[in-house]
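Colleague: Here's a structure for you.
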Amino acid sequence: MSHAPKFSRRAALAGAAALPFAASAVTAGAPMLGASQPPFKRVKLGGFEVTNLLAGTAVREDPQSIFGMNVDKTTFEEVSNANNLPLNAAQFFFTPVVVNTGAELILFDTGLNPAGTVGALEAAGYTADQVDKVVITHMHGDHIGGLQTDGTPTFGNAQHYAGAVEMNHWAAAGNERFDGIVRPLMDQFTMVDDGAGIASGVTSMAAFGHTPGHMVYMLESDGAQLMLGADFANHFVWSLGYPDWEVRFDMDKAAAAATRKTLLDMMATDAVPFSSYHMPWPAFGYVERADAGYRYVPHSYQLTL
């Protein structure tokens, strides 16, 4: 009577170890392709669709020259190490948002340049000509850079909106980037104040400090809310987590810190999700309270069901 051969794990491992290590032509390694990020992320909010656009990224060295400028080096290093953050560099994300209300397509901010924003917009299934409204949260260069393409409006069919306080400040500031990009389009802008309705379910909220007239926007559809936070917090730990830490780009640092705490408290209390321009991609998340301040909780699947 014959018996089937017996195999053991030890024998199998020994046999594998005896195989030659050299790769054949068939098993040659694939080329390295580099890190990648998808160019858009779309979620549902009631009857709205909200799409974050990855319009660009950038690495900046020496993070404490930007964040936590008013804390000592030891504290900054301890917080960074506790959150597994490198101390030599930080990665910035630039994330315009497009909201489809079902009646209108509304773009919030336009990125560093038209190529990055329009490219991400097209990857998401839209064209620049389909945009009905462009809303500028504030006039820093990475938010207005895509307004014009070769001297003509990038979103030629769109109405344009900006905060009145913000527009008035930059119009008088003598800023070269504003003067080259926004000033030629000023007659196309509608000025809004705190509490203005940009569209049904889209409401402006004053969030001054980062710039003199910085605005955020609350979206609401079928009882669901999401805040478009723009630059109220520029980093998920060094700014959101510690709202009193100074940020180099905040023009009024005390007012910016007060705004951060107000908005973070509201979102943590009411469990309101948010999208913010410089959060880690794909830039949707939640806020919860932590001992020293607040904690960023990335979105997983809550807004896709």
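The values are calculated or read from the model by the stated rules, or taken from the named source; none is laboratory data. Computed from a predicted structure; not experimentally measured. Don't worry about glycine lacking a Cβ; one is built from the backbone with ideal geometry, like all the others, and counts go over all protein chains shown.
Colleague: Six or more apart or on different chains, Cβ under 7 Å: which pairs go from a residue in the range 177-194 that's farther than 14 Å from L147 by Cα to one that's hydroxyl-bearing (S, T, Y) and surrounded by 15 or more Cβ atoms within 10 Å (Cβ to Cβ)? Could you list them?
Modeller: T190/Y161; V192/Y161; V192/S204; D194/S204
Colleague: Does T304 satisfy the criteria of being at pLDDT 95 or above and either surrounded by fewer than 20 Cβ atoms within 10 Å (Cβ to Cβ) or not in a loop (DSSP other than H, G, I, E, B) (or both)? Working first, answer last.
Modeller: Working: at pLDDT 95 or above: no; either surrounded by fewer than 20 Cβ atoms within 10 Å (Cβ to Cβ) or not in a loop (DSSP other than H, G, I, E, B) (or both): yes.
No.
Colleague: Between a residue in the range 261-281 that is closer than 11 Å to L228 by Cβ and free of Cβ contacts under 8 Å to residues at least 12 places away in the same chain and any residue that is part of a loop (DSSP other than H, G, I, E, B) and small (G, A, S), which pairs come within a Cβ distance under 6 Å, given they are 6 or more apart or on different chains?
Modeller: Going by the 6 Å Cβ cut-off, there are no qualifying pairs.
Colleague: Test each condition in (1) among the hydrophobic types (A, V, I, L, M, F, W, C); (2) without any contact (Cβ under 8 Å) to a residue 40 or more places away in the chain; (3) within 22 Å of K41 (Cβ to Cβ); (4) in contact with a helix residue (DSSP H, G or I) (Cβ under 8 Å, 6 or more places away or on another chain) for A89 and report the one that comes out false.
Modeller: If we test A89 against (1) among the hydrophobic types (A, V, I, L, M, F, W, C); (2) without any contact (Cβ under 8 Å) to a residue 40 or more places away in the chain; (3) within 22 Å of K41 (Cβ to Cβ); (4) in contact with a helix residue (DSSP H, G or I) (Cβ under 8 Å, 6 or more places away or on another chain), just (3) comes out false.
Colleague: Please find, among F178, F155, the residue that is modelled with pLDDT of 95 or more and assigned to a helix (DSSP H, G or I). Quick ask: steps written out before the conclusion?
Modeller: Values: F155 fails: assigned to a helix (DSSP H, G or I).
The unique qualifying residue is F178.
Colleague: Are any of the residues in the range 247-260 farther than 21 Å from R60 by Cβ and in contact (Cβ under 8 Å) with a residue 60 or more places away in the chain?
Modeller: The answer is no, given that none of the residues of the range 247-260 is farther than 21 Å from R60 by Cβ and in contact (Cβ under 8 Å) with a residue 60 or more places away in the chain.
Colleague: I've got another one for you. Could you run through the range 218-237 and say how many residues are assigned to a loop (DSSP other than H, G, I, E, B) and under 30 Å from P86 (Cα atoms)?
Modeller: From the range 218-237, those assigned to a loop (DSSP other than H, G, I, E, B) are 222-223, 229-237; that's our starting set.
From the residues that got through so far, the ones that are under 30 Å from P86 (Cα atoms) too are 229-237.
Total meeting the criteria: 9.
Colleague: What is the one condition in (1) free of Cβ contacts under 8 Å to residues at least 40 places away in the same chain; (2) at positive phi; (3) surrounded by 16 or more Cβ atoms within 10 Å (Cβ to Cβ) that G68 does not satisfy?
Modeller: Checking G68 against (1) free of Cβ contacts under 8 Å to residues at least 40 places away in the same chain; (2) at positive phi; (3) surrounded by 16 or more Cβ atoms within 10 Å (Cβ to Cβ), the one that fails is (1).
Colleague: Moving on to the next point. For residues that are free of Cβ contacts under 8 Å to residues at least 60 places away in the same chain and over 14 Å from the mean Cα position of the chain (by Cα), tally how many sit in the range 92-119.
Modeller: Looking only at that region, the number is 7.
Colleague: Can you go through D252, D244, D231 and tell me which one is within 30 Å of D72 (Cα to Cα) and surrounded by 22 or more Cβ atoms within 10 Å (Cβ to Cβ)? First the steps, then the outcome.
Modeller: Working: D252 fails: surrounded by 22 or more Cβ atoms within 10 Å (Cβ to Cβ); D244 fails: surrounded by 22 or more Cβ atoms within 10 Å (Cβ to Cβ).
Exactly one of D252, D244, D231 is within 30 Å of D72 (Cα to Cα) and surrounded by 22 or more Cβ atoms within 10 Å (Cβ to Cβ), namely D231.
Colleague: Filter the range 120-146 for residues that are aliphatic (A, V, I, L, M), touching a residue at least 60 places away in the same chain (Cβ under 8 Å) and surrounded by fewer than 22 Cβ atoms within 10 Å (Cβ to Cβ) and give the result. Write out each step before concluding.
Modeller: Taking the range 120-146 and keeping what is aliphatic (A, V, I, L, M), we get 120-121, 123-124, 128, 131, 134-136, 139, 144.
Now drop any that are not touching a residue at least 60 places away in the same chain (Cβ under 8 Å), which leaves 120-121, 123-124, 135, 139.
A123, A124 - these are the residues of the range 120-146 that are aliphatic (A, V, I, L, M), touching a residue at least 60 places away in the same chain (Cβ under 8 Å) and surrounded by fewer than 22 Cβ atoms within 10 Å (Cβ to Cβ).
Colleague: Listed residues D265, D244; which is of a type in the set (D, E), at pLDDT 95 or above and in a loop (DSSP other than H, G, I, E, B)?
Modeller: Working: D265 fails: in a loop (DSSP other than H, G, I, E, B).
Just one listed residue meets the conditions, D244.
Colleague: Just give me the residues in the range 109-140 being of a type in the set (V, I, T) and part of a helix (DSSP H, G or I), in sequence order. Please lay out each step first, then the result.
Modeller: First pass over the range 109-140, keeping only residues of a type in the set (V, I, T): 110, 117-118, 127, 131, 134-137.
Correct list: T117, V118.
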